[in-house]
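Below is one structure, written out as structure tokens; comments come after it.
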Ligand code: SAH
Ligand code: SF4
Ligand code: F3S
């Protein structure tokens, strides 16, 4: 059963404060960490000043992500000066990447990598002012399958479920295989059980998480007939209830199969949205990035998706200024974006990560000004296309799962359509967690403005 967050008023219990950086998987990991710490007697607090344990669950994906954490560590130093005995822990990807180096700050008492969270209570019990604790062992098996994450979200409608950990791709720019270790899939029965428990607790949407969900593969120890691939898993979760929406992220263009696309089409409650990071539109760059697909392959996958699911939302990730990127390579990225007309994109400048293949083999030779100007061009193009994509929705109807009250206007609710577009509309007596049909009346590049019908 889902465990509720206990009241914060019990003075006998130590309090933990958790900050989370990085991707959705890290958000879910913080929920796993909280579950483990609650079992060890901790309660969660939102007030850093009353916490006896301060944790930052960190990200290493780009240099600026790490710089932000170093800034936070300096602020934690002030906490330590003011309050003797407070424990500062750095967990997650940056802990895994930097290991003992984090102790040089003389602020950090605890360093724990993504596969070591079960050992947190033990590590914490051994900390003294002179003996910080560190566990950065990576595992080939750990999936935290038996742990019910304690949800820290406020809406109680939409939850993440990790279906796998690690990554076996070696995209040359990427640090994740080093911080999260090798890929392993979680037992599907535990995934379905978690979805059922969430549904019983009022949740109406789950998002299945993995660095490359298409390579999910569970090998049943007893019978190969019971092996489960990602399409089969999607179907199993979709069958939990027609009222439980299913999303997933991230799909890899080299691996997304026709079977997955057809399974999406078969179930109304599998949301019609695919996040399909392209990274670049240039074959030379894709080759150097070791993405293992070409521009032509990517465009064929998009065509397939759109032929089976014509109204499928499609979003992507793009990297500007990878090693050796020419003006023509950059133009190829822009032309691919224009050809696909993505509904949204996360766009980044290339940031060299120590230890990766790209850092060892290629020179990070695109000057920052050029990276920035290319990125700005990519962002401007995407903004224009997001607006166009939203304008095409005007007059259309969508079923929206209500996620909460609009931050800008308490009289308005917001939620997402199946295609992942955010809709804002007058509440008219509706509540969070309900499905409602809306008609789009206008839009911005980020939001659909709608009315209930
Ligand atoms: N597993 C996902 C991506 C996870 S990381 C996939 O393969 O699609 C999220 C995004 O961060 C990546 O898609 C990429 O666009 C970006 N990214 C990763 N490493 C980066 C780096 N070194 N510099 C800039 N962006 C990077
Ligand atoms: Fe990184 Fe590539 Fe794995 Fe994604 S698929 S996490 S970009 S190595
Ligand atoms: Fe960052 Fe680790 Fe996620 S590097 S993006 S938190 S897997």
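Rounded to the nearest 5, what % of DSSP beta bridges with both residues in the chain are antiparallel? Let's see the in-between values first.
Working: 25 of 67 bridges.
Roughly 35 percent of the DSSP beta bridges within the chain come out antiparallel.
Going by a ≥ b ≥ c, the root eigenvalues of the Cα gyration tensor, does region 273-328 fall in the rounded group (a/c under 1.5), the prolate group (a/b larger than b/c) or the oblate group?
Numbers: a/c = 2.83, a/b = 2.10, b/c = 1.35.
Prolate, because a/c is 1.5 or more and a/b exceeds b/c.
Whole Å is fine, so just give me how far the alpha carbon centre of region 349-414 lies from that of region 79-137.
If we compute the Cα centre of each part, the gap is 34 Å.
Work out the FRET efficiency for residue 299 and residue 431 from their Cβ-Cβ distance, taking R0 = 60 Å, and round it to the nearest 0.05. Mind dumping the intermediate values first?
Values: r = 42 Å, r/R0 = 0.71.
The calculated FRET efficiency here is 0.90.
Return a whole-number percent for the relative contact order of the chain, with Cα pairs under 8 Å and 6 or more residues apart as the contact set.
Values: 915 pairs, mean separation 46.2, N = 453.
Relative contact order for the chain comes out at 10 percent.
If we sort 328-339, 351-362 on the protection proxy, mean other Cβ atoms within 10 Å, highest first, what's the order?
Values: 328-339: 17.7, 351-362: 15.6.
Top to bottom by mean Cβ count within 10 Å: 328-339, 351-362.
At 0.36 nm per residue, and after removing the present C-alpha to C-alpha distance, how many nm does the segment from residue 70 to residue 445 gain when stretched out fully?
131.6 nm
Normalised by the residues of region 257-382, what does the relative contact order come to in percent, with Cα pairs under 8 Å and at least six apart?
Working: 160 pairs, mean separation 34.2, N = 126.
Value for region 257-382: 27 percent.
Contour minus end-to-end for residue 317 and residue 227, with contour as 0.36 nm per residue of separation and end-to-end as the Cα-Cα distance?
Values: separation 90, 0.36 × 90 = 32.40 nm, distance 3.10 nm.
Stretched fully, the residue 317-residue 227 segment lengthens by 29.3 nm.
Measure off 7 Å from each Cα along the Cα-to-Cβ vector at residue 49 and residue 267, then give the distance between these two points in nanometres to one decimal.
The modelled label-to-label distance comes out at 4.7 nm.
At residue 153 and residue 363, where each label point lies 7 Å from the Cα along Cα→Cβ, what is the point-to-point distance in nanometres?
Here the modelled spin labels are 4.7 nm apart.
Under a plain spin-label model, where a point goes 7 Å from the Cα along Cα-to-Cβ, how far apart in nm are residue 341 and residue 24?
Each label point is offset 7 Å from its Cα along the Cβ direction, giving 2.5 nm.
Multiply the residue separation of residue 182 and residue 239 by 0.36 nm, subtract the distance between their alpha-carbon atoms, and state the gained length in nm to one decimal. Write out the running numbers ahead of the final one.
On the way: separation 57, 0.36 × 57 = 20.52 nm, distance 2.96 nm.
Using 0.36 nm per residue and subtracting the Cα-Cα distance, I get 17.6 nm.
Coordinate-derived values only; no laboratory data. Quantities reported herein were computed from a predicted structural model and do not represent experimental measurements. Glycine gets a Cβ as well: all are built from the backbone with ideal geometry, and neighbour counts include every protein chain shown.
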